[in-house]
Every structure is written in structure tokens, then in C-alpha cells.
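Let me begin by presenting the structure, written as C-alpha cells, before commenting on it.
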Number of protein chains: 2
Amino acid sequence: MARKTIKHVAERASVSIGTVSKVLNGDPTVKARLREQVLAACGELEYRPNQVAASLRRQHSKSIGILVPDVSNTFYAELVGLIEDCVTKSGYSTIITFGGENPEKMQGRIRSLMDRDVDGAIISPSFNGSELLIPENGNSFPIVVVDRISAQDSFPTVATDNVGATRAGTDYLLSIGHRNIAMVSNSPEIYNSFERIEGYKARMAEAGVEPDLVIVGMSEADAESGVTKLLQRSNPPSAIFTADHLITKGAVRSLQKNGVRMPHDISLLAFDDVDWLSLVEPGISAIRQPTGQLAETAWYQLQQVIQGNSNGNTKSRLPADLVVRGSTASATIKNLKATGTQ
Amino acid sequence: MARKTIKHVAERASVSIGTVSKVLNGDPTVKARLREQVLAACGELEYRPNQVAASLRRQHSKSIGILVPDVSNTFYAELVGLIEDCVTKSGYSTIITFGGENPEKMQGRIRSLMDRDVDGAIISPSFNGSELLIPENGNSFPIVVVDRISAQDSFPTVATDNVGATRAGTDYLLSIGHRNIAMVSNSPEIYNSFERIEGYKARMAEAGVEPDLVIVGMSEADAESGVTKLLQRSNPPSAIFTADHLITKGAVRSLQKNGVRMPHDISLLAFDDVDWLSLVEPGISAIRQPTGQLAETAWYQLQQVIQGNSNGNTKSRLPADLVVRGSTASATIKNLKATGTQ
DNA sequence: TAAAATTTATGAAACGTTTCATAAATATAG
DNA sequence: CTATATTTATGAAACGTTTCATAAATTTTA
């Protein structure tokens with residue numbers, strides 16, 4: 001059975017197409033009687049406006065794109081869900097897409113979004129230089145970057161206050177007596193990592209202790225072997241601060257394989273509070289990013305850009321929380337034990 | 001700067017609009033010289049065809065919808081990612097959407113998909129009776145149901161062989177000596193749960209031992225308290241089989257809080273092999289659903305329906321794997337220990 | 001080389017809406 | 001009751017493609 005069109009409705013309501021369109025769009029210049037006829041006809045015919053026709057004519061679609069690298073990453077999964085919530089509540093619909101870690105793929109996806117006349121997009125680019133994503137003639141396409149910002153983004157950005165978060169995390173570790181604190185991070189070429197490293201270094205410097213930075217590759221296995229090397233040093237750290245969720249996985253695996261116990265042998269503090277952190281024993285202390293606020297702010301900013309009342313480069317920074325669980329404990333315990341076993 | 005249209009290209013290539021369209025769609029009836037002119041013009045203008053105009057005219061969009069309850073569920077996150085992969089490789093694009101656990105919301109989403117002229121959808125409905133999702137006049141909208149099938153689906157379905165999987169899991173637990181095996185599941189009103197329970201019951205019956213079924217609510221907390229009650233019985237089971245990922249979470253939490261150790265005090269076998277199962281200690285044995293095959297098969301089936309060469313109710317069942325880790329062990333160990341401590 | 005057959009290019013209609021200028025209907029004023 | 005102002009409804013154009021009937025160009029045949 002072919003789809004019903006506005007034409008059928010018009011016929012059935014004995015009214016012009018234009019009138020139908022008006023009532024459907026809430027135009028007040030149509031009299032009650034006709035309005036009712038039209039509404040009745042719509043109901044009887046189960047009419048639903050064809051959005052692609054409407055988009056074509058209007059030149060916008062009341063929908064936005066959401067582009068993240070990969071939804072099997074818990075952080076993005078949560079973020080995407082929350083953004084979708086906000087957006088849908090405003091009567092927009094969403095087209096969610098994954099860009100992976102590959103610039104071309106990402107570029108392809110974002111263009112395909114534009115080709116669908118979405119009104120804008122919230123993106124987490126998987127690499128720096130997000131402006132390169134947009135074709136020359138699409139300068140004015142509304143975009144806000146969330147989470148994966150870079151130093152020179154020319155779009156509004158919304159991100160966690162990475163520096164503040166790792167500074168606070170480091171501060172916490174220092175405050176419970178640790179001095180020998182290693183941070184395990186991805187390459188600082190990833191701007192998030194860069195910032196997280198900065199916060200850590202800054203606080204370490206203030207405390208007058210040497211930073212101990214271990215850079216690892218992008219895979220869980222890289223993180224695991226990096227941490228293993230750390231543990232095998234003659235003087236391993238008393239605390240490890242992992243800079244993201246994947247690294248935390250690798251670290252936990254390494255600790256397990258090497259029979260190193262938290263928090264007695266070593267304290268572990270994770271960046272990104274994903275679900276399983278509270279399921280291992282002991283629970284792992286973590287920096288929790290404000291995902292909900294990230295989502296809300298990103299959508300708010302995008303709306304500003306779409307409506308044209310944005311200077312186009314607002315930079316939002318949202319504060320993170322520290323969640324203390326059992327994996328971090330006073331350094332003395334560890335030291336006692338360490339001395340005992342050495 | 002306004003978007004370039006096919007008209008601009010035609011002008012620049014000194015050629016008609018129709019010709020441009022032809023070369024863009026690979027029509028062979030256009031001579032090499034013109035083809036090159038057109039291609040050149042496209043390049044120079046950075047032309048990208050407007051998909052909404054194309055969709056409107058063609059009456060299909062070379063895109064499909066993917067609808068799952070919620071991507072913060074690891075299983076769906078993985079599934080969605082894999083489906084997107086397959087689909088994109090075939091030159092289709094995807095619109096991903098979340099239906100939540102609410103029928104109306106879900107219905108809204110699927111209609112919005114239809115309103116966008118997607119050519120079909122792969123859905124995991126969050127409740128039974130998926131045919132109710134489709135409006136009367138949309139009978140012929142191509143749909144395949146993945147994972148969340150129900151008894152009376154009138155669409156092609158693709159799912160894990162739940163019965164076989166829990167049968168195999170139960171068999172494994174029996175084979176290592178357990179007789180007192182409890183299954184903790186959601187209500188059998190969820191068809192997946194129903195099937196998983198069936199497999200368990202069938203194998204238990206074959207072995208001539210009493211099944212021990214605990215039905216819990218849909219939340220992690222429900223699962224946790226269900227398991228806690230189980231543990232507090234005077235004669236608790238020697239093995240627990242959790243029927244999905246959320247229940248497993250609740251179970252692990254309950255075991256932890258009650259100081260019950262795996263596998264010595266109790267063996268745990270989980271349905272759904274999510275990432276953290278290998279990060280807790282000991283690693284949790286699990287039934288691993290064939291997500292990759294689920295994705296591929298669903299897309300294959302949907303293509304069949306779209307192309308009209310499907311009878312419309314193929315039911316695919318894919319076998320699951322058993323992954324043995326440290327949480328399950330021979331019942332004797334537990335029994336020894338149990339007797340010792342009682 | 002003219003006519004017929006074939007290949008290749010064109011222009012206009014169509015997809016289902018929204019929008020805008022204008023026609024029709026109704027209300028207000030003189 | 002006519003003329004004018006105002007409100008409400010209409011019809012056609014437009015959005016950017018694809019497609020199809022036909023025109024133009026080219027090739028083949030006689």
C-alpha cells in the first residue's frame with residue numbers, strides 16, 4: 001500500500017494542499033473548522049509527513065548528526081546516549097555515526113551527514129585538526145566538538161577540565177602520602193592526553209617531586225606491557241594514575257598477571273569511571289567525567305550556533321569528580337609492606 | 001557560501017543536468033569526453049550530491065535504520081558497531097537510534113526512520129509483538145529483528161541459539177560435577193529469557209536433577225538482591241548461571257558483598273561475554289554470543305527483504321561459544337570447602 | 001550519399017513538501 | 001449598501017535530484 005501524501009489529506013478534507021501544510025505546521029491563520037477537518041483526515045489516513053520532502057524544501061531537517069569514534073568505548077556509548085536524550089527532547093532527531101580512528105572514514109561520515117541536510121553535528125574527532133573535516137564550501141556548517149578537542153579547534157568545544165581533573169587526582173594521591181606516582185598515558189599528541197599529563201606534571205612540580213611519565217600506544221596490550229615494565233623496575237612507583245579507560249584495562253591486567261595487589265602493593269587511580277571499576281576487587285578509584293553535563297552543554301552550544309547567536313568559538317570546560325574506592329590507599333601501608341618484602 | 005548543486009556542475013561542464021546525473025550514477029551511455037568534463041567540474045566545485053533531493057526523487061535512500069534499546073548496554077554497543085561496519089561496506093549508510101525500554105518511544109523512533117525514507121531497518125525491539133510497531137499502511141516496510149525476537153514475530157529474525165547455549169552451559173556445569181545449579185534470569189516474558197530458561201531446564205531434566213530458577217527484575221539491583229537471597233538459603237547452590245550481562249553484574253556485586261569466593265565457594269557462569277569479565281579475579285566463565293555473525297546475518301537478511309527475494313519470515317539461529325575462565329570449577333572443591341566450614 | 005538504425009545528450013516532469021503572492025471571503029468603515 | 005481593510009484559503013513555484021520520452025548526433029546499411 002503506497003504511502004499517503006499531503007495530497008490525499010487535502011482531498012479528503014476538501015481543502016487545499018497549502019492549508020494542510022499550514023495546520024501541520026501550526027500556522028494560526030487557519031480557521032478552527034478547517035483545522036479540524038484536516039486533523040481528522042490525517043488521523044483517518046494515518047498520514048505522516050514525508051520528512052525528506054520537507055527537508056528538501058525547507059533546506060533544513062530538524063535533525064543533527066552525532067559522530068563519535070566508536071561506541072564500544074563505554075565513555076562514548078554513555079555520551080551518545082545522553083546527547084540523544086537531550087536532542088530528542090528538543091524535538092530534533094539524531095543520526096548517529098561512527099568515525100573510527102581513521103581520518104578519511106571520519107571525513108566521509110561527516111560529509112555524508114551534511115549531504116543529508118542535518119542542521120549541525122556534535123562530533124568527537126579521532127584526530128587533531130578537526131577543521132580539516134569540513135569541505136571548503138561548508139564553512140558555515142554548525143559543529144561543536146565534544147571531548148576530543150584539539151589545541152586549535154575553530155569550533156565551539158565542550159570538554160572535561162582535564163588539567164584540573166588530573167591535578168586533583170594527583171593532589172589526592174600526594175595527600176595520602178604517595179611520592180612515587182607514575183602516570184601512564186597515551187601520546188600527548190592526543191590533546192586530551194596532553195592536558196591530562198599537564199595537570200599531573202603541574203601538581204607534581206608544585207609538590208617538588210619528580211614526575212614519572214610512561215607513554216604507551218593506543219591499544220590495551222600496549223598499556224599492559226607498559227605497566228608491566230613499570231612494575232619490573234627496581235624501584236616501582238607506589239601509585240599509578242592511568243590516563244584513560246583503555247589504559248586502565250591494560251594496567252589491571254598487568255597487575256593481575258604480576259600478582260601485584262591493590263592497594264597494598266600499589267595504588268591505582270583511573271581516569272574515566274566505567275562500570276566495571278566498581279566490580280573488581282577492590283573497586284578502582286577514578287576520575288569521573290561529567291558526561292551528562294558534557295552532553296547538555298554540547299547540545300546547548302550547537303543550538304546557539306544553529307540559531308546564529310554564537311561567536312563560534314566558545315570553549316566550555318566542565319569539572320570532573322573524584323570517586324574514591326578501594327584501589328587507592330595511604331602510601332604508608334604499601335611502604336611497610338614493600339619494605340617488609342624487599 | 002551556498003552549496004553547489006548539480007546545476008552549477010552542468011553549467012561549468014557545458015552539459016545538461018541530465019548528463020551530469022548520468023555520469024554521477026555511472027550510466028554507461030555517456031561518452032568519455034563529456035564524462036571527463038563533468039568529473040572535472042565536480043572536482044573543481046567540490047560538488048557533493050544532495051542526498052535528500054536524490055532520496056525524494058528515487059523514493060529510497062540507500063540507507064537503513066538500526067534501532068536498539070540502548071547503547072550503554074555493552075552487547076548492543078558491540079552489535080551496533082558491527083552492523084554499521086557491514087552495512088557501510090555495502091555502500092549503504094546507517095541511521096542509528098535508541099528505542100529504550102518504552103514501546104511508545106520505540107514506535108516513535110521507527111516511524112521517524114520510515115519518515116526519512118530509509119530502505120529498511122534492523123531492530124531489537126524492547127518488547128514483544130514487534131509487528132505492532134509498524135503502522136497499518138507500512139506493512140511492506142523491510143525489517144529484520146535481531147536478538148530481541150519474540151515468539152510470534154512476523155519479520156525475519158536473527159538471534160543466538162539461546163536454548164542451545166544455556167543447554168551447553170548447563171551441560172558444562174553438570175560435567176564438572178555440579179548438581180545444585182541455580183539460574184538467575186529475567187522474567188520469561190522476555191522471550192530471550194524464556195528460551196534461556198528452557199535450555200537450562202531441559203538439560204537439568206535430562207540429568208534428572210531439579211532446576212532451581214530465580215526470576216529477578218530488570219535492574220542490576222534486583223539481580224543483586226535476588227542472588228543475595230539465594231546465598232542466604234540454608235542450602236545454597238554450588239553454581240549460579242546468570243542469564244544476561246546485567247544480572248551478572250548484580251550477581252558479582254552480591255558475591256563480593258557477602259564475601260563469597262569464586263570458584264571455591266560457588267561457581268559462576270555468565271550469559272554474555274562482556275569486556276570486564278576477564279578483568280575481575282578470577283575471570284568469569286561465559287557464554288559468548290556470536291555478535292559478528294549476528295550482525296552479518298541480519299544485514300544479509302535485510303538485503304534479501306529489500307530486494308524482494310525473501311519470503312519474509314526466515315528465522316536464523318546462530319550458535320554461541322562457551323568461554324571457560326576461573327569462576328567455574330569442579331564442584332568437589334566447593335563441596336570440600338563447604339563441608340569444612342559448615 | 002541518403003535513409004535507416006543506433007547511440008548519446010537534452011529538457012521537462014516528477015518526488016512531497018513549504019512558502020509566498022494573490023484570490024476569495026469576511027469584517028469594518030463611511 | 002458600497003467601498004475598503006482585513007482575515008483566511010488557494011495555487012503555483014521552488015527545493016535538487018532522477019528518469020523518461022524525445023531530440024540530436026553518429027554510425028551503419030543500401
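The values are calculated or read from the model by the stated rules, or taken from the named source; none is laboratory data. Owing to the predicted nature of the structure, the values given are computational and were not obtained by experimental measurement. All Cβ positions, even for glycine, are placed from backbone atoms using ideal geometry, and neighbour counts span all protein chains on display. SASA here: full protein model, heavy atoms, side chains in, ligands and nucleic acids out. Shrake-Rupley method; radii C 1.70, N 1.55, O 1.52, S 1.80 Å.
Data table
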| quantity | calculated |
| --- | --- |
| Amide H within-cut-off set for A:Val323, under 5 Å, with H built and near neighbours excluded | A:Ala286, A:Ile287, A:Arg288 |
| For A:Phe194, solvent-accessible area (1.4 Å; no DNA, RNA or ligand), Å² | 80 |
| Per-residue average of Cβ from other chains inside 10 Å of A:254-263 | 1 |
| Label geometry 7 Å along the beta-carbon vector: A:Gly43 inter-copy distances in nm | 5.9 |
| Tilt relative to chain B, helix B:331-341 - C-alpha long axis, 0 to 90 degrees, to 10 | 50 |
| Helix B:220-232 axis, angle to chain B major axis (alpha carbon atoms, nearest 10°) | 20 |
| Rounded FRET efficiency, nearest 0.05, which uses the C-beta distance separating A:Ser219 from A:Gln152 and R0 of 30 Å | 0.65 |
| Region A:221-284: trypsin sites (Lys or Arg not before Pro) in DSSP coil with no more than 10 other Cβ atoms inside 10 Å | A:Arg233 |
| Where labels lie 7 Å past Cα in the beta-carbon direction, separation of B:Leu39 and B:Asn313 in nm | 5.0 |
| Surface accessible to a 1.4 Å probe, per residue, for the residues of the protein assembly as shown, Å² | 42 |
| Chain A - percent relative contact order, Cα under 8 Å, separation 6 or more | 16 |
| Relative pair counts by distance (%), Cα atoms of chain B, 10 Å bins | 5, 22, 25, 18, 13, 8, 6, 3, 1, 0 |
| Calculated [θ] (222 nm, deg cm²/dmol) that DSSP helices of n ≥ 4 give over chain A, each run adding -39,500 (n - 2.57) | -14000 deg cm²/dmol |
| Bridge type composition, the protein assembly as shown - antiparallel percent by DSSP, nearest 5 | 10 |
| Relative contact order of region A:1-65, pairs being alpha-carbon contacts under 8 Å that are 6 or more residues apart, as % | 35 |
| Label 7 Å beyond Cα on the Cβ vector: A:Glu104 copy-to-copy distances, nm | 4.7 |
| Neighbourhood charge, 11 Å Cβ-Cβ cut-off, centred on A:Val214 and excluding it, Lys, Arg +1 and Asp, Glu -1 | 0 |
| Mean separation of Cα contacts under 8 Å (6+ apart) over length of region A:169-266, as relative contact order % | 33 |
| Label spacing, shortest first and in nm, from B:Ala205 to its equivalents in the remaining copies (7 angstrom along Cα→Cβ) | 7.2 |
| Modelled FRET efficiency - R0 30 Å, B:Glu210 with B:Glu281, Cβ distances, 0.05 increments | 0.40 |
| 0 to 90° range, to nearest 10: angle between helix B:245-257 axis and chain B longest Cα axis | 40 |
| Shielding score for B:74-87, defined as the mean number of other chain Cβ atoms within 10 Å | 3 |
| Neighbouring partner chain Cβ atoms per residue of B:269-275, average, 10 Å criterion | 1 |
| Environment charge of A:Met204, counting only residues whose C-beta is closer than 11 Å and scoring Lys/Arg +1, Asp/Glu -1 | -1 |
